[in-house]
Amino acid sequence: MALLKLSSAFLLFATLGLSACGGDDAEVVVPPAAVATPLPAKLVIGHRGASALRPEHTIAAYTKAIEIGADVIEPDLVSTKDGVLVARHENEISGTTNVADKPEFASRKATKNIDGVSITGWFTEDFTLAELKTLRAKERIPANRPENAKFDGQFEIPTFQEVMDLAKAKTKETGRTIGIYPETKHPSYFKSINLPLEKRLVDALHANGYKGKTAPVFIQSFEVANLKEIRSLTDLPIVQLLSGSGQPEDFRLAGDKRSYADIATAAGLKEVALYANGIGPAKDMIIPRDANNNLGTPTGLVKDAHAANLLLHPYTFRPENPFLPANLRKGDVKSLTERGDLAAEITVFLQAGIDGFFTDDPSIGRAALDAYLGKK
């Protein structure tokens, strides 16, 4: 199946400073030195960077992920007040920055309805990029990752451009293609406040030389309508994210009763294949936990997705005990910080047929994948 081999054909079409020539349909001429090795058929995806080792969505986290074996780095994207795409998991930033400690921004605290949920805090869309650049990142889950908290206050919020620049620089430095996996966060919400993400994302990718079906990019979203809009703007690879519960926000807003479970059926996946190249399901949708919180019997999702010519990149493989199946925890099994056998969990999913995976510790992911493939 051609799409199952999609990732094995990826080449990088840009170097540092390379931009698209002319309009969206213009051909980008790439000097031979800019062409790196293809992305492998099975991918280690640095989830928010190496977020088990550095505060998430920072250049330090992305750099660490690349250094320890990630093939691809994942920036979640939200918008600033002045329309710049920046890397944050949420547009509410009190949990990942020191904004609450900044008296000059105290008046920006607000309560907003984001995807049907009332949230109080500070939001990226109320700050210019220059203002956000005065903030510093902090660890989101310090109870699980106290070592990461030691880096609090050191790193800026990166722009999407800075993440692309890093991927291109590391591609040139290492000779292996470093892919990017941007996610549009809360696209319906941002469209409702006149800060739509879709065209700005595609324009940024095209302007940086990422064009065509074989570019080392996956554009992802939990919503559907915005991915269809993106498909109308580009032929770059697209991945439909799937949650283990609930429904896409754009479905809720439109009164569409379908859920993620409906999308994950064999019939639903055939519809996804009309606009996307893969799915990014919650890992429990592939192998659910049993009554003892151990890995249970695999579902038919891998088979059904592959039958629809869709790649599968499940999320999220984390090393700390609370995130692992009960029988793969080590040491104090109730510890929030001790690490268990993440490699064993990843291996089970590789045996189930996945095409890549999101992990907070790419070093463990790389070792597990190399062992599975028989590499030394």
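For the reader, a short list of remarks on this structure follows.
- Charging the Cβ of each Asp and Glu at -1 and of each Lys and Arg at +1, and nothing else, the dipole of the stretch 101-144 about its Cα centre rounds to 120 debye.
- FRET efficiency estimate (nearest 0.05) - Cβ-Cβ, ARG258 to ILE193, R0 25 angstrom: 0.45
- Near GLU229, once Lys and Arg are set to +1 and Asp and Glu to -1 for all other residues with Cβ below 9 Å from its Cβ, the sum equals +2.
- Evaluated over the stretch 285-350, the Cα radius of gyration and Dmax, each in Å: 13.3, 43
- For the chain, the residue among TYR275, GLY209, GLN154 whose Cα projects farthest onto the positive side of the dipole built from Cβ charges is GLN154.
- Projecting the alpha carbon convex hull of the chain along each direction and taking the average yields 18.7 nm².
- 1.4 Å probe accessible area per residue over the stretch 269-366, in Å²: 38
- Taking Cβ atoms as reference points and 14 Å as the exclusive limit, the residues near ARG252 contribute a net charge of -4, counting Lys and Arg as +1 and Asp and Glu as -1.
- Counted residue by residue at 0.36 nm each, then reduced by the alpha carbon distance between them, the extension gain from ALA41 to ALA110 reaches 20.4 nm.
- Placing +1 on the Cβ of every Lys and Arg and -1 on the Cβ of every Asp and Glu, with no other charges, gives the stretch 36-170 a dipole of roughly 220 debye about its Cα centre.
- Long-range lysine pairs (8 or more apart or interchain), the stretch 274-376, Cα under 28 Å: 8
- For the chain, the carbon plus sulfur part of the accessible surface works out to 55%, probe radius 1.4 Å.
- Residues of the stretch 119-183: accessible area per residue with a 1.4 Å probe, Å²: 38
- Cβ-placed point charges (K, R +1; D, E -1), dipole of the chain about Cα centre in debye, nearest 20: 520
- Across LYS109/LYS150; LYS112/LYS199; LYS102/LYS138, pairs whose alpha-carbon gap is larger than 19 Å: LYS109/LYS150; LYS112/LYS199
- Whole-number percent relative contact order across the stretch 265-370, with pairs defined as alpha carbons under 8 Å at least 6 apart: 25
- Within the assembled protein chains, the solvent-accessible surface assigned to LEU197 is about 0 Å², based on a 1.4 Å probe.
- Here the label points at ALA143 and ASN292, each 7 Å from Cα along the C-beta direction, are separated by 2.7 nm in the simple model.
The values are calculated or read from the model by the stated rules, or taken from the named source; none is laboratory data. Just so it is clear, the structure is predicted and the values come from calculations on it, not from any experiment. Every residue, glycine among them, receives a Cβ derived from its backbone with ideal geometry; neighbour counts consider all protein chains shown. Just so you know, the surface numbers come from the protein's heavy atoms only, side chains and all, with ligands and any DNA or RNA stripped out. Shrake-Rupley method; radii C 1.70, N 1.55, O 1.52, S 1.80 Å.
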